[in-house]
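Contents: one structure, followed by commentary.
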Amino acid sequence: MFSIVIPLFNNAQTIERALKSVFNQTFKKFEIIIVDDGSTDSGIEIINKFINYDQLKIIKQKNQGASIARNNGIKISKYEYIAFLDADDEWESKYLETIYNAIKLYPKSGMVCCARYLIDNITKNTNLIIAKKYEGKLTEINFFENPHIFLHTSSTVIEKNVLNQSGGFPEKMRKNEDLALFFSIALIKNTVYCGIPLSYYYSNVENQLT
């Protein structure tokens, strides 16, 4: 059902937390594709703790950035929906189950976005990022109504066919490449919003992608 793509670049301090949040999911039909983007720390050694899980794949590339890493993960994915998780973020245990329910309710939509918590890694302050009018709901939305509230890479799942149609993450962009992709996806197919906070985005993390 879900191929989970995780780009990795010197995230030894956070990758175990991210992976544990995936393996703790209540919905179990998934694979994990970790794309090592030329890491030089001990992240791969930490990942090797999970190597006995047959759902886990690791591919390596020279350092080329998050867009190319994610696109390479998409290329080898086997499932029809791609879930993105950055190596310094994590999910609640019912994240994939809730996304699956949203897809069942709105099978013609191409993208599902979810509310999230924003945690400052230094101060430990936590803020809820949610579209209040959709709180507690699973519903189709006009993505362009408030895209900066709706989207974040680690709380977004996209149909693989739509990703391929869009061309994937723009590889020449080093910033806002996720925004560029999600805007193009929303122009192709409808978007579903999950007004339930089920992911955690950590800011002020060393070697952060965004």
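The values are calculated or read from the model by the stated rules, or taken from the named source; none is laboratory data. Owing to the predicted nature of the structure, the values given are computational and were not obtained by experimental measurement. Virtual Cβ from ideal backbone geometry, glycine too; neighbours counted across all protein chains shown. Note: areas computed on protein heavy atoms with side chains; ligands, DNA, RNA excluded. Shrake-Rupley method; radii C 1.70, N 1.55, O 1.52, S 1.80 Å.
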Conditions (1) at pLDDT below 95; (2) in contact with a strand residue (DSSP E or B) (Cβ under 9 Å, 6 or more places away or on another chain) -> E171 fails only (2)
So which of N161, N127, N142 is more than 21 Å from I99 (Cα to Cα), among the polar types (S, T, N, Q) and modelled with pLDDT of 95 or more?
N127
With the first residue restricted to the range 27-39 and required to be closer than 15 Å to S93 by Cβ, and the second required to be acidic (D, E), Cβ contacts under 8 Å at 6 or more apart or on different chains are F27/E97
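Say we look at the range 86-105 and pick out the residues that are assigned to a helix (DSSP H, G or I) and of a type in the set (S, T, Y); which of these is most open to solvent (accessible area, probe 1.4 Å)? Reasoning before the result, please.
Filtering the range 86-105 down to residues assigned to a helix (DSSP H, G or I) leaves 95-105.
After this cut, where a residue has to be of a type in the set (S, T, Y) as well, the list is 95, 98, 100.
Details: Y95: 1, T98: 20, Y100: 68 Å².
The extreme case among them is Y100.
Residues that are of a type in the set (A, V, I, L, M, F, W, C), open to solvent by 10 Å² or more (accessible area, probe 1.4 Å) and touching an Asp or Glu at 6+ places or on another chain (Cβ under 9 Å): which strands (runs of 3 or more DSSP E) entirely in the range 1-74 hold 3 or more of them?
Details: elements: 2-8, 30-37, 56-61.
Answer list for the range 1-74: 56-61.
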Restricting attention to the range 28-84, the residues that are farther than 24 Å from N176 by Cα and polar (S, T, N, Q) number exactly 5
Sole miss for I82 among (1) part of a strand (DSSP E or B); (2) out of contact with any Lys or Arg (no Cβ under 8 Å at 6 or more places or on another chain); (3) open to solvent by less than 60 Å² (accessible area, probe 1.4 Å) is condition (2)
Restricting to the range 106-118, name every residue that is open to solvent by 30 Å² or more (accessible area, probe 1.4 Å) and touching a residue at least 12 places away in the same chain (Cβ under 8 Å).
Y106, K108, Y117, L118
